[in-house]
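Read-outs throughout are calculated quantities, based only on the coordinates presented, and are distinct from any laboratory measurement. All values reported here derive from a predicted model rather than from experimental measurement. FYI the Cβ positions are ideal-geometry reconstructions off the backbone, even for glycines, and counts take in every protein chain you see.
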Amino acid sequence: MSNVTELSVGSKAGEYLAFTLGQEEYGIDIQKVSEIRSYETPTRIANAPEFVKGVINLRGLIVPIVDMRIKFKLGTPSYDQFTVVIILNIGHRVVGMVVDRVSDVTTLSPEQIKPAPEIGAAMNTDHIVGLGTIEERMLILVDIDKLMSSADMGLIETTALAA
């Protein structure tokens, strides 16, 4: 059974875009990223969840913007010169995600990726695929497809389809 675990953890090896939210560093598959833009205030949408900041017009495409600091309940977000929007391609949708800052693109080998800890029912960790270790750094590796298509993000799908 341990071989199965090793294979599934090893399959996550590759290049990750590292970004920060609060005091934590996260990583997402670089292949999901289409561009990184400076933050601009999006147009609000009535009745959208708090974490959906609104939409922007990206070269004629209406893109929903999700503030990950609000989504992960990391306190009141502030917007400064380092705040960026990562534009993602999720399935056939384009979604923007606001983060505090982007640090780098890093390559992780299978040995550098540890399985995500079991935290229990108190916290939904379905979207965390593992922990990447680079010297003294630790990246929380996020399955951005799973996170953005989760039930509580349903409005994003509706907004993207309606656009």
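Among F51, F19, F72, a tally of other beta-carbon atoms within 10 Å of each Cβ gives an order, fewest to most, of F72, F51, F19. Ignoring aspartates and glutamates fewer than eight residues from K71 along the same chain, the ones with Cα atoms less than 20 angstrom from its Cα are E24, E25, D29, E40, E50, D80, D100, D126, D143, D145, D152, E157. Quick one: net charge of G54's neighbours, Cβ under 13 Å, K/R +1, D/E -1? Here the count lands on -1.
Summing +1 for each Lys or Arg and -1 for each Asp or Glu among the other residues whose beta-carbon sits under 14 angstrom from that of Q23 gives +1. Cross-link pairs exceeding 21 Å between alpha carbons, from the set K53/K114; K12/K114; K12/K73; K114/K146; K73/K146: K53/K114; K12/K73.
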